[in-house]
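Chemist: Next up is a structure, given as structure tokens.
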Amino acid sequence: MTELLEREELLERLAALHAQGGRLVFVGGEAGVGKTALVRTFVAGAKPPFLHGSCENLSAATPLGPFVDVAAQTGGALAETVAARAEPRDVALALLHELSQPRVVLLEDLHWADQATLDAIRVLGRRIDSTSALVLGTYRDDEVEGEHPLRVVLGELASAPAVSRLSVPRLSLEAVRGLAAPSGSDGDAIHRLTQGNAFYVTEILAAGGGALPETVRDAVLARVAGLDPAARRLLEVVAVVPSRTELWLLESVTGAEFEHLDDCLTAGILHADGDAVAFRHELARLALESTVPAHRRRRLHARILSALVARSSGSVDPSRLAHHAEEAGETAATLNYALAAAAQADEAVAHREAVAQYERALRHGAGLEPAERARVLGAYALHANSAGRYPEAIAARTEAIAICRSLGDRLGEGDHLARLGGPYIAVGRNADAEDASRAAIDVLERVPASPELATAYNVQAYMRMLNRDNAEGVAWGTKALALAERFDDRDLVAGALNSIGTSYLMSGEIERGIEGLLRSIEAARPPRREFRVGSAYGMLASGLGEMYELERSERYAHAYLEHAREHGSDETYILSWLACVRVYRGDWDGGTELARSVLDSGQGAIGRITALIALGRVRARRGDPGVKDVLDEALERSRSGGHLQRLGHVCAARAEAAWLGGDVERAVEEARAAYPLALEKRHLWFAGELAYWQWKGGALADVPEWIAEPYRLQLAGCAGEAAAAWREHACPYEAARALTEADDESLLLRALAELDRLGARPAAKLLRRALHARGASVPRGLRLSTRANPGELTARELEVLRLVAAGRRNADVAAELVLSPRTVDHHVSAILRKLQVRTRGEAAVAAAELGLLQNR
Amino acid sequence: MDTYVILRRSGWRSGDDLEEAAARSTAAGEQMSDDIRWIRSYVLEEPDGVGTVCIYQASSPEAIRAHAAAADLPVDEIVKVADTVLVRPDPTPVTIDN
């Protein structure tokens with residue numbers, strides 16, 4: 001093995017992180033660049049010995065594969081948790097528990113990680129700072145582009161304080177020259193060809209002599225060419241087994257060739273790994289595998305499969321058996337093992353792997369009875385839907401419906417019809433979702449009442465709620481609830497209570513809505529219904545935001561985010577609502593920062609709309625450029641669903657922006673675009689705001705009596721009362737805007753001071769003009785920076801200061817306030833400057849002296 | 001990155017205040033160099049002190065606001081630049097004295 005070149009700096013950084021403890025480090029680099037060599041060198045002398053797990057290059061990986069490896073080394077509680085087929089989060093918590101001592105854990109090849117492994121790594125990343133361990137995860141950074149699941153996890157953990165990334169660079173020309181020199185090879189030519197890829201370089205040097213191989217594959221094969229034919233046949237066996245090959249397996253599949261194992265090890269082509277052997281690099285395995293002719297490969301897979309089956313009665317990982325069975329072309333065996341592997345993935349909540357195994361089963365499913373095929377299609381559709389593979393879920397349900405119809409299975413037909421609703425809505429086919437939902441109820445009401453009918457009622461309730469047909473949402477939800485209780489199905493009870501609660505919330509019955517959603521969480525509390533718990537918190541956060549119950553919305557948004565981080569669910573939608581809520585509460589910097597983080601993440605199509613609205617509102621209110629871009633995109637993205645919850649929000653923001661931009665006619669036009677829909681659904685706030693912009697443009701004939709209180713007061717000409725109502729909803733900008741409509745000059749001046757404080761330039765400018773026209777004496781705006789005045793902290797800075805004074809690190813402050821660490825750094829610098837102190841300790845003292853630490 | 005003009009009218013009482021602000025601006029700019037680049041500024045003579053017209057490149061208007069907050073700079077108005085017409089190089093910079 002060659003000495004590690006040009007890695008001193010990386011090793012030093014790893015050593016420093018190890019010394020700090022409680023860190024998760026992702027080590028990235030292209031295939032063959034030397035990630036494994038680096039981390040193996042680093043962990044070689046570790047005491048106690050390092051723990052090790054790796055992901056396999058399988059089309060459908062074993063759920064929690066690397067954690068299964070690690071558990072075999074630790075034994076104890078972690079092994080029990082893994083053996084009990086626990087969920088990813090519990091496995092991660094069990095591992096964290098093992099890490100009380102300063103150990104190193106090496107998780108290799110995370111670019112192949114299954115979904116359950118990634119979920120567990122999310123939890124590790126969020127909590128690793130509670131341990132003194134160092135967890136290293138290697139991955140190929142050139143293979144995690146676009147929507148690769150690992151990239152999503154890397155993005156989510158980017159803000160976690162204890163998580164960092166290292167990148168392993170290629171070797172420099174000098175390093176390659178140094179490696180080539182002893183054999184007298186042309187270092188420059190090798191560097192040109194290999195671009196400094198460490199594995200490629202060593203393969204060329206090991207092959208030696210003659211012309212330089214054109215590709216890394218040629219280099220590997222040139223090196224193998226010198227071996228005895230029997231040794232090469234042995235290598236072929238190792239090559240068709242993904243990742244590592246156990247010695248017993250190799251011995252039982254080979255004959256006399258086994259004697260040549262030593263040759264392969266001595267030549268450095270294979271290396272021993274406990275009681276198994278493996279290629280020195282996956283690139284070498286793939287190169288060898290590609291040279292095995294198809295017929296021989298098939299025979300080898302068949303022999304490996306029967307050896308695996310003979311060895312163990314049922315304890316071999318079914319995804320491994322399914323892989324070899326499929327490669328061996330054994331249809332019946334593939335079907336059985338794929339179904340077993342799918343069930344395993346289902347237990348680990350690894351949707352992607354379950355989808356892959358069900359697809360494999362269906363590919364080999366000619367022998368399935370129709371009823372069984374419908375059942376498999378249903379399970380496949382469930383996971384495809386959860387994995388975001390909506391078209392596949394729709395196709396599978398559609399086929400299952402046809403099978404159930406031909407069998408006269410009404411329950412099955414109705415159930416599949418009802419469950420078509422979710423994926424149809426996800427792809428924007430609302431009319432198809434509606435038809436399927438109605439058809440499901442129709443079919444299921446003709447047979448005795450069933451849990452399937454409860455599901456069908458609840459799908460309809462959910463769709464009515466999404467459409468903001470609130471009374472119908474409550475009615476269908478109540479029917480679903482009654483049946484769910486009758487069948488004692490707690491998951492369905494939680495689902496029905498969610499639809500009912502959210503519908504109440506949207507009709508303005510806030511307390512009843514909150515009560516329903518909290519009851520939904522109660523019903524979902526026993527394990528395995530985390531989806532329901534997250535959904536209820538999400539509805540509370542977004543629904544209360546839509547209803548301008550901002551303080552409570554923010555509280556439930558934090559509850560949601562905490563839950564989502566533990567369970568690996570999507571954060572973008574609720575982050576986007578939190579952004580809007582912050583904007584409406586007057587925290588424009590905090591709101592736009594969150595909105596930007598949602599937009600920059602590239603995730604979450606629906607969250608993107610809400611984030612764009614938050615950004616557009618602030619830009620319009622500040623008079624900043626870029627309003628049109630973001631609100632045009634928001635409108636474009638809202639059109640496909642056609643739902644009031646997006647269109648109403650977007651059109652209201654567009655009307656506001658047009659009005660602040662001085663285009664009153666367009667403001668009226670934008671407001672009118674969604675107004676009839678808002679009236680039809682009796683949406684208190686959207687109807688209120690859309691009516692308001694028409695009224696401002698002098699184009700509103702009738703004022704609905706039922707709109708939200710602050711707007712009703714404004715339209716009735718009660719500016720002072722309206723402002724008070726807005727303040728009750730914690731909306732300082734809207735309160736000031738209401739005051740601008742007062743007659744009393746002192747109220748107008750108060751409005752002006754507030755608009756100046758908020759930095760609301762366009763509204764302040766309009767008000768100044770109106771005041772001048774009245775002949776009032778108008779104060780100039782805030783010219784000098786407010787910061788010239790020591791101790792004058794913003795609300796956000798006060799929040800940060802309170803946490804800093806309580807001894808919290810910046811990273812913890814960032815996590816708690818859902819801000820980026822860099823923003824917290826900025827706030828802390830600003831605080832130090834304003835308080836004219838040098839250290840955080842002095843800031844705490846100064847703040848206490850100034851009386852800044854009491855709660856507002 | 002887009003180009004923006006930032007108006008900071010009558011932002012400072014004196015040239016000395018402005019100089020301190022310029023140092024803070026540079027420091028804050030270095031911390032967020034992916035998002036913002038200060039190109040040049042024109043210092044305005046105003047009845048009650050000095051102001052500036054600044055040319056920046058930035059990833060968004062919010063990046064300009066964040067930089068201004070971090071460096072303690074006032075912002076009156078941010079305008080996006082659609083195009084640049086260069087006729088002559090800038091005249092030799094002069095230092096204001098107060």
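Computed from the coordinates by the stated procedures, all read-outs in this text should not be read as laboratory data. Because the structure is a prediction, the values reported are computed rather than measured. Every residue, glycine among them, receives a Cβ derived from its backbone with ideal geometry; neighbour counts consider all protein chains shown.
Chemist: Can you tell me, using C-alpha contacts under 8 Å and at least 6 residues apart, the relative contact order of the range A:326-410 as a whole percent?
Modeler: On the way: 84 pairs, mean separation 20.9, N = 85.
Reported as a whole number, the value is 25 percent.
Chemist: Further, regarding this structure: Treating only the Cβ atoms of Lys and Arg (+1) and Asp and Glu (-1) as charged, compute the dipole magnitude of the range A:22-145 about its Cα centre; round to the nearest 20 debye.
Modeler: Using only the charged Cβ atoms, the result is roughly 520 debye.
Chemist: Related question: Could you derive backbone 3J(HN,Hα) for the range A:153-161 from the dihedral phi with the Karplus parameters 6.51, -1.76 and 1.60 (θ = phi - 60°), listing whole Hz in sequence and x where the residue is Gly or Pro?
Modeler: Once θ is set to phi - 60°, the couplings for the range A:153-161 become 5, 4, x, 5, 8, 4, 8, 6, x Hz.
Chemist: Choose one of A:Leu288, A:Ser132, A:Ala92: the residue whose Cα lies farthest towards the positive end of the charge dipole of chain A (beta-carbon charges +1 Lys, Arg; -1 Asp, Glu; about the Cα centre).
Modeler: In chain A, that residue is A:Ser132.
Chemist: Give the lysines reachable from A:Lys47 as a straight Cα distance under 18 Å; neighbours fewer than 8 places away on the same chain don't count.
Modeler: Cα-Cα hits under 18 Å: none found.
Chemist: Given Cα pairs under 8 Å that are at least 6 residues apart, what percent is the relative contact order of chain A? Show your work: numbers first, answer last.
Modeler: On the way: 1406 pairs, mean separation 53.7, N = 856.
For chain A, the relative contact order is 6 percent.
Chemist: Share of antiparallel DSSP beta bridges in chain A, in percent to the nearest 5? Walk me through the intermediate numbers first.
Modeler: Working: 7 of 27 bridges.
Once the DSSP bridges in chain A are tallied, antiparallel ones form about 25 percent.
Chemist: Here's something else I'd like to know. Of the trypsin sites (Lys or Arg not before Pro) in the range A:276-382, which ones lie in a loop per DSSP and count no more than 12 other C-beta atoms within 10 Å? Write down the numbers at each step before the final one.
Modeler: Details: sites: A:Arg280, A:Arg285, A:Arg296, A:Arg297, A:Arg298, A:Arg299, A:Arg303, A:Arg311, A:Arg320, A:Arg352, A:Arg360, A:Arg363, A:Arg373, A:Arg375; in loops: A:Arg280.
In loop regions of the range A:276-382 (DSSP not H, G, I, E or B), there are no sparsely surrounded trypsin sites (Lys or Arg not before Pro).
Chemist: On to the next question. Taking only Cα atoms, what is the 0 to 90° angle, nearest 10, from helix A:294-311's long axis to the longest principal axis of chain A?
Modeler: Approximately 90 degrees, to the nearest 10.
Chemist: What whole number of Å gives the distance from the Cα centroid of the range A:191-267 to the Cα centroid of the range A:574-595?
Modeler: About 57 Å separates the Cα centre of the range A:574-595 from the one of the range A:191-267.
Chemist: Which percent of Cα pairs goes in each bin when the distances of the range A:294-366 are cut into 10 angstrom slices starting at zero?
Modeler: With 10 Å bins starting at 0, P(r) equals 23, 50, 25, 2.
Chemist: Can you work out ³J(HN,Hα) from phi for every residue in the range A:25-41, in order, using Karplus 6.51 cos²θ - 1.76 cosθ + 1.60 and θ = phi - 60°, giving whole Hz and x for Gly and Pro?
Modeler: 10, 8, 10, x, x, 6, 4, x, 7, x, 5, 4, 4, 4, 5, 5, 4
Chemist: If the only charges are +1 at each Lys and Arg Cβ and -1 at each Asp and Glu Cβ, what is the size of the charge dipole of the range A:734-776 around the Cα centre, to the nearest 20 debye? Kindly include the intermediate steps, with their values, before the conclusion.
Modeler: Numbers: 8 positive and 7 negative charges, 59 e Å.
For this selection, approximately 280 debye.
Chemist: If you don't mind, another one. So who's got an amide H within less than 5 Å of the one on B:Leu44, skipping anything under 5 residues away but keeping other chains? H placed 1.01 Å off N, in plane.
Modeler: B:Gly51, B:Thr52, B:Val53
Chemist: Just to be sure I understand the curve: with the Debye formula and one point per C-alpha of the range A:367-443, what is log10 I(q)/I(0) at q = 0.11, 0.23, 0.27 Å⁻¹?
Modeler: Reported log10 I(q)/I(0), two decimals: -0.24, -0.98, -1.24.
Chemist: So if R0 is 51 Å, what FRET efficiency would A:Arg13 and A:Ser777 give, r being the distance between their Cβ atoms, rounded to the nearest 0.05? Don't skip to the end; give the middle numbers.
Modeler: On the way: r = 63 Å, r/R0 = 1.24.
Result of the calculation: an efficiency of 0.20.
Chemist: Spelling out what I want: for every residue of the range B:72-84, take phi, set θ = phi - 60°, compute 6.51 cos²θ - 1.76 cosθ + 1.60 (Karplus), and round to whole Hz; glycine and proline get x.
Modeler: With the stated coefficients, the range B:72-84 comes to 6, 10, x, 10, 8, 7, 10, 10, 7, 8, 8, 6, 10 Hz.
Chemist: Also: Taking chain B on its own, what percent of its Cα-Cα pair distances exceed 22 Å?
Modeler: 28
Chemist: Based on Cβ point charges of +1 for Lys and Arg and -1 for Asp and Glu, what charge dipole magnitude is obtained for chain A about its Cα centre, in debye rounded to the nearest 20?
Modeler: Working: 100 positive and 117 negative charges, 377 e Å.
In debye, rounded to 20, chain A gives about 1820.
Chemist: How would you rank A:Phe50, A:Phe258, going from fewest to most other Cβ atoms within 10 Å of each one's own Cβ?
Modeler: Ascending number of Cβ neighbours within 10 Å: A:Phe258, A:Phe50.
Chemist: A:Arg165's amide H: which non-local residues (gap 5+, or another chain) put their own amide H closer than 5 Å, with H modeled 1.01 Å from N in plane and none for Pro or chain starts?
Modeler: The list, which skips near neighbours in sequence, is A:Phe26.
Chemist: Right, something else. Computed over the Cα atoms, what is the radius of gyration of the range A:790-849 divided by 2.2 N^0.38 Å, N being its residue count? All intermediate terms of the calculation are to be shown ahead of the outcome.
Modeler: On the way: Rg = 10.2 Å, N = 60, 2.2 N^0.38 = 10.4 Å.
Relative to the rule-of-thumb radius for its length, the range A:790-849 sits at 0.98.
Chemist: Compute the separation of the alpha-carbon centres of the range A:647-715 and the range B:1-70 and state it in Å as a whole number.
Modeler: Their Cα centres are 38 Å away from one another.
Chemist: To continue, here is another question. Could you work out how far helix A:370-386 tilts from the main Cα principal axis of chain A, as a 0 to 90 degree angle to the nearest 10?
Modeler: So the helix axis and the longest Cα principal axis differ by about 60 degrees.
Chemist: Scaled to the compact-protein estimate 2.2 N^0.38 Å, what is the alpha-carbon radius of gyration of the protein assembly as shown, rounded to two decimal places? Don't skip to the answer; put the middle values down first.
Modeler: Details: Rg = 32.4 Å, N = 954, 2.2 N^0.38 = 29.8 Å.
Taking the Cα Rg and dividing by 2.2 N^0.38 Å, one obtains 1.09.
Chemist: Same structure again: Given an 8 Å cut-off on Cα distances and at least 6 residues of separation, report the relative contact order of the range A:294-366 as a percent. Intermediate values should be presented prior to the final figure.
Modeler: Working: 80 pairs, mean separation 19.2, N = 73.
Dividing the mean separation by the residue count of the range A:294-366 yields 26 percent.
Chemist: Straight-line reach from A:Lys628: which lysines have a Cα under 19 Å away, not including same-chain ones fewer than 8 places off?
Modeler: Straight-line reach from A:Lys628, under 19 Å: B:Lys80.
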